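I have placed the structure first, in the form of structure tokens, so that the comments after it can refer back to it.
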Amino acid sequence: MLESNIKSPGVYINEINAFGNSVVPVATAVPAFIGYTPQAMYEGKSYTNVPQKITSFAEFQSIYCYPDPAPPADPAKQYSPQYYLIEQKSKPTNQDYMMIDGKYYAILPDPNTIYYLYNSIQLFYQNGGADAYIVSVGTYGAPSGNPITPGAQIVNPNVLLNDLKNGLALLQNEQEPTMYICPEATLLAVADNGTLMQEMLLQASEMQTAVAIFDVIGGRNPDPIMYTNDISTFRDNTGAQGLNYGAAYYPFIGTTIMQGQDIDYTNLFGGDVKQLDPILNPPDNPNPTAATILSNIENPPGAPLTVSQYNNSLINASKTYSQIMKHILFDANILPPSAGMAGVMTVIDNQDGVWEAPANTSIVGASSLPIRLSESQQADLNVDAISGKSINAIRYFNGIGILIWGARTLDGNSQDWRYISVRRTMIFLEQSCKLAAQAYVFQPNVKNTWEAVKAMIGSFLTTIWKEGGLQGASASDAFSVDCGLGSTMTSDDILNGFMKVTVKVAVVRPAEFIILTFQQQMATSS
């Protein structure tokens with residue numbers, strides 16, 4: 001209350017704030033998933049190309065999944081990839097196959113039916129995910145009715161670069177997401193995938209609020225010798241901008257997301273059971289029970305069974321059919337690891353802090369790897385002397401299992417931004433301080449304001465230091481905050497309305513290489 005405003009005699013109360021403003025930490029683990037969903041509709045409203053925040057998988061299902069029909073019908077299938085068994089003249093070398101009655105059959109997907117987002121969201125929540133944004137850029141496209149060429153990478157013509165770019169651009173109006181993830185980017189052609197990755201890195205570096213997590217084309221079914229070509233192609237296509245805002249993980253992971261009830265005969269040959277008959281009921285090894293079941297599926301009797309009932313009957317009647325379903329289920333469960341990494345980061349952020357490296361831990365639900373990298377093979381991924389674009393390996397260790405064995409950004413040669421935990425910690429600190437400083441916009445640019453800002457940021461950084469996010473024996477060793485005329489500002493800055501604050505922090509870095517030195521010494525007398 002200004003004394004000049006007091007006009008009449010009396011007693012007046014003037015309350016003074018005892019505590020200054022404080023910095024509220026921003027959320028650090030809020031991924032934004034961009035891709036294709038079964039549907040995008042809730043209560044008559046379309047959620048296509050609408051960034052929507054969700055807090056659970058149940059919420060994702062209510063908006064983006066088909067509703068289940070009334071019992072006794074089977075639950076609606078949210079994802080239904082199509083596969084073909086193609087007889088081969090010789091043993092296939094680089095794709096899933098099985099032997100039936102002495103003949104080799106390659107198990108090949110219809111590329112138009114392969115999508116990753118739905119299962120990736122499940123993987124995210126299985127690994128401890130919480131808040132997330134979904135940008136559905138469309139629904140599933142029509143199948144092609146044909147399998148891919150043996151040995152070819154899966155390119156889904158229904159996954160369009162412009163769709164994904166438009167979905168990414170919608171996130172420019174969202175400040176909360178801290179990760180950009182597009183699992184279906186690996187279903188694009190190599191050139192289109194490179195364009196999308198560069199757009200993601202550029203947007204992340206411009207907004208300074210998120211990092212992009214990438215998967216590597218070829219990581220799904222890598223050649224044990226020539227996989228290095230896929231790594232080189234990835235590095236060639238990520239460009240040179242914003243590399244410290246990106247991280248890549250290799251290879252894909254075999255998961256347990258899809259279960260036996262999620263795959264049946266409708267996932268074979270486009271649902272044409274006629275093509276199953278010569279495989280399950282060959283002339284030289286007939287199986288009349290399986291033939292009867294197939295006939296009933298094609299020409300249902302008066303009271304037909306459900307798909308799951310027919311499927312269970314076939315599994316019991318034919319060992320060959322049971323093996324086919326296991327092979328298809330295994331193939332459908334191979335997923336890009338980016339969504340699992342988002343879940344891992346969420347758990348580590350909540351338990352230890354964003355400054356803890358998301359490595360030397362497992363991905364829940366990961367049961368196999370398409371390639372087991374050795375230490376020497378990982379060396380070329382982790383450190384690249386020419387481009388510096390590090391790729392984090394997911395490796396298998398005997399007696400331990402599958403571990404995330406890398407913690408670097410794509411800017412692997414940078415002393416400042418080599419580690420993903422450092423990059424994410426700086427985003428956390430910068431955005432938290434930025435939002436808190438907005439309370440001082442248009443405040444007088446004088447010493448009292450400067451001291452208030454310094455105290456506010458200093459108190460916040462002291463808390464982070466105590467929690468282990470900054471290194472130093474004392475708070476003064478861990479950070480410094482400067483703001484004032486002659487130190488961070490000139491007279492011209494004040495006249496032009498600029499208040500400049502300089503913050504220096506000593507961010508903790510992971511111990512990536514631990515060297516133990518052993519030396520023999522002579523025995524000494526006691």
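A few notes on this one:
- Partner lysines for K91 [C-alpha distance under 24 Å; skip if fewer than 8 residues away on the same chain]: K103, K319, K326
- Share of pairwise Cα separations in segment 69-197, more than 19 Å, in percent: 62 percent
- Radius, Kirkwood style, for the chain when every pair of distinct Cα atoms is counted (Å): 26.3 Å
- Sites E375 and Q351 - FRET efficiency at Förster radius 41 Å, r taken between beta-carbons, to 0.05: 0.90
- Linear extension gain, Q259 paired with S90, 0.36 nm per residue minus alpha-carbon span: 57.8 nm
- Taking only protein heavy atoms and a 1.4 Å probe, the accessible area of segment 267-359 is 49% carbon and sulfur.
- Efficiency of FRET between L485 and Q521 - r from beta-carbon atoms, R0 41 angstrom, step 0.05: 0.10
- With 23 Å as the limit on Cα-Cα distance, the pairs of K454/K504; K53/K454; K53/K500; K434/K504; K434/K500; K7/K447 that go past it are K53/K454; K53/K500; K7/K447.
- Applying 1/(1 + (r/R0)^6) with R0 = 60 Å to the Cβ-Cβ distance of S476 and K77 gives a FRET efficiency near 0.50.
- Spatial separation of Cα centroids for segment 482-499 and segment 271-285, in angstrom: 81 Å
- Inverse mean reciprocal Cα-Cα distance (Kirkwood Rh) of segment 339-380, Å: 12.0 Å
- V26 contributes an accessible area of around 40 Å² to the protein surface, as traced by a 1.4 Å probe with all chains present.
- Crossing angle, helix 307-317 versus the chain [Cα axis fit, 0-90 degrees, rounded to tens]: 60 degrees
- Taking every DSSP bridge with both residues inside the chain, close to 60 percent are antiparallel.
- A cut-off under 12 angstrom between Cβ atoms defines the neighbours of A130, and their net charge, with Lys, Arg +1 and Asp, Glu -1, is -2.
- Net length available on complete extension from N316 to T292 is 7.3 nm, with 0.36 nm assigned per residue and the Cα-Cα distance removed.
- Note on segment 50-102: Rg/Rh from C-alpha atoms, Kirkwood Rh, equals 1.24.
- The slack between N162 and I514, meaning 0.36 nm per residue of separation minus the straight C-alpha distance, is 122.2 nm.
- Viscosity 0.692 mPa s, temperature 37 °C, Stokes-Einstein D of segment 429-506 from Kirkwood C-alpha radius, µm²/s: 250 µm²/s
- Overall Cα dimensions of segment 1-81, principal axis frame, Å, largest first: 82, 28, 24
- Spherically averaged projected area of the convex hull of Cα atoms, segment 276-395: 13.2 nm².
- Whole-percent pair-distance distribution, where bins are 5 Å wide, for the alpha carbons of segment 1-141: 2, 7, 12, 12, 10, 9, 8, 7, 6, 5, 4, 4, 3, 3, 2, 2, 1, 1, 1, 1, 0, 0
- Straight-line cross-link reach from K274 at under 13 Å between alpha-carbon atoms covers these aspartates and glutamates, not counting any fewer than eight positions away in the same chain: E298.
- With one equal scatterer per alpha carbon and no solvent term, the Debye-computed log10 I(q)/I(0) for segment 369-526 at 0.16 1/Å reads -0.98.
- Summed over all non-identical Cα pairs, the Kirkwood treatment of segment 179-320 gives a radius of 19.0 Å.
- Segment 468-526: radius of gyration and largest Cα-Cα distance (Dmax), Å: 23.2, 77
- Cα centroid separation, segment 189-266 to segment 111-132 (Å): 15 Å
- Across segment 139-181, counting alpha-carbon atoms alone, Rg and Dmax equal 15.1, 44 Å.
- Globularity index of segment 222-273, i.e. its alpha-carbon radius of gyration over 2.2 N^0.38 Å: 1.84
The values are calculated or read from the model by the stated rules, or taken from the named source; none is laboratory data. All of these numbers come straight from a predicted model, not from anything done at the bench. Every residue, glycine among them, receives a Cβ derived from its backbone with ideal geometry; neighbour counts consider all protein chains shown. For the accessible areas, the whole protein counts, side chains as well, though only heavy atoms, and no ligand, DNA or RNA atoms are used. Shrake-Rupley method; radii C 1.70, N 1.55, O 1.52, S 1.80 Å.
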